[in-house]
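These notes are about the structure you will find just below.
The values are calculated or read from the model by the stated rules, or taken from the named source; none is laboratory data. None of the values given here were measured: they were computed from a predicted structure. Every residue, glycine among them, receives a Cβ derived from its backbone with ideal geometry; neighbour counts consider all protein chains shown.
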Amino acid sequence: MKFNTFRKDAWAEMGLGTWQLGSADWGNLDEAKALDILDAYVQGGGNFIDTADVYGLGTSERVIGKYLRQSGKPLFVATKLGRRQDGTNGWPQNFSYEKMKEHVESSLENLGIDSLYLEQLHCIPKEELINGEVFEHLRRLKQEGLIQNFGVSVESIEEAEICLQHADVSSLQIIFNLFRQDASYALLGKAKAQGVGIIARVPLASGLLSGKFDANTTFDSTDHRNYNADGNAFNVGETFSGLPFLAGTECVKEISGILPKGNLAAWSLKWILQQEGITTVIPGASRISQVESNLSASKLPDLSPEILVELDRFYREKVRPQVRGEI
């Protein structure tokens with residue numbers, strides 16, 4: 001496993017996303033299986049776990065907290081805030097200092113720790129990023145010792161560039177994969193020059209780049225790949241990277257002919273790992289076999305320059321024109 005520098009720390013280049021561990025939006029996953037997934041990742045050499053307070057309304061955080069207590073492993077855990085809509089929480093109340101502190105304290109309780117290693121704004125409205133008060137609140141929470149670093153999870157390159165105007169933003173979490181390559185053209189270099197960590201999410205385009213879906217594939221009613229396939233519940237880019245599902249399955253067929261033969265998901269992750277400026281990539285997993293597949297990407301040889309050029313051409317000509325939403 002390769003490790004990349006973040007501040008004075010070393011993050012595994014292959015992280016673990018834990019939206020699935022919330023037993024919501026991806027179907028149900030019992031706690032025992034969730035703990036096994038975490039352990040498989042850590043035993044495989046990983047040390048970076050990404051979660052959020054809304055993944056099962058704290059379920060994912062609580063499972064991770066239980067694993068931290070049981071394992072005693074020194075792990076880097078990043079969480080997110082800003083999207084809660086339970087009780088009196090919701091937009092715009094979520095962005096006051098009082099609510100942000102309340103949500104930080106809730107995450108601390110769920111995880112069973114005293115200070116959050118990395119707190120991230122969770123795809124909040126662009127207007128709030130422009131306003132800038134949320135960054136002042138994060139600074140105050142850092143001064144109080146409740147958080148150690150702060151970053152932002154964004155939906156678009158424009159939002160990422162707004163965040164880069166704040167010199168103390170530690171990290172950016174972006175949608176980045178073979179079906180969303182624009183960040184590689186300028187953003188990654190700009191972030192690297194400023195010492196900002198890049199966390200690549202939705203790396204397999206909600207499973208499309210596993211190559212296991214076709215026109216007959218269906219998803220459970222509680223799975224976001226069903227109810228948000230066209231962006232009806234939240235940003236369309238979070239599901240299949242904004243591609244219409246059937247168009248995505250056709251694009252996968254062509255991608256498979258460009259990448260080396262073998263594990264399509266692992267080669268798709270390897271492409272991300274080869275992009276200069278990526279600190280870690282956070283594929284999710286609902287089975288141990290998926291964890292093992294993700295980790296195997298770190299052991300693959302580099303893709304050739306010729307393949308990289310062809311993948312870029314294919315994206316620009318065939319994929320990008322079909323992507324919906326802000327990129």
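Quick rundown of the values:
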quantity: Of all residues in segment 25-51 being of a type in the set (A, V, I, L, M, F, W, C) and out of contact with any helix residue (DSSP H, G or I) (no Cβ under 7 Å at 6 or more places or on another chain), the one that is nearest to residue 123 (Cα to Cα); calculated: 48
quantity: Residue within segment 261-279 that is without any contact (Cβ under 8 Å) to a residue 12 or more places away in the chain and under 25 Å from residue 46 (Cα atoms) present; calculated: yes
quantity: Residue 79 being of a type in the set (S, T, N, Q) and under 28 Å from residue 299 (Cβ atoms); calculated: no
quantity: Filter result (closer than 18 Å to residue 6 by Cβ and surrounded by 17 or more Cβ atoms within 10 Å (Cβ to Cβ)) within segment 137-163; calculated: 138, 142, 147, 149, 150, 151, 152, 153, 154, 160, 163
quantity: Residues (among the charged types (D, E, K, R) and modelled with pLDDT of 95 or more) located in segment 288-327; calculated: 292, 299, 302, 306, 310, 312, 313, 316, 317, 318, 320, 324
quantity: Every residue from segment 203-238 that is part of a helix (DSSP H, G or I) and more than 20 Å from residue 172 (Cα to Cα); calculated: 207, 208, 209, 210, 224, 225, 226, 227
quantity: Pairs, first farther than 16 Å from residue 123 by Cα in segment 222-234, second part of a helix (DSSP H, G or I), C-beta under 6 Å, six or more apart; calculated: 225/206; 229/245
quantity: Residue identified as out of contact with any strand residue (DSSP E or B) (no Cβ under 7 Å at 6 or more places or on another chain), within 25 Å of residue 294 (Cβ to Cβ), crowded, with 23+ Cβ neighbours inside 10 Å and touching a residue at least 40 places away in the same chain (Cβ under 8 Å) among 208, 204; calculated: 208
quantity: Subset of segment 244-280 [part of a helix (DSSP H, G or I), farther than 18 Å from residue 225 by Cβ and small (Gly, Ala, Ser)]; calculated: 256, 257, 266
quantity: Hits in segment 164-182 - residues which are without any contact (Cβ under 8 Å) to a residue 40 or more places away in the chain, out of contact with any helix residue (DSSP H, G or I) (no Cβ under 6 Å at 6 or more places or on another chain) and either surrounded by 24 or more Cβ atoms within 10 Å (Cβ to Cβ) or among the aliphatic types (A, V, I, L, M) (or both); calculated: 164, 167
quantity: Single condition residue 241 does not satisfy, out of (1) surrounded by fewer than 20 Cβ atoms within 10 Å (Cβ to Cβ); (2) within 26 Å of residue 172 (Cβ to Cβ); calculated: (1)
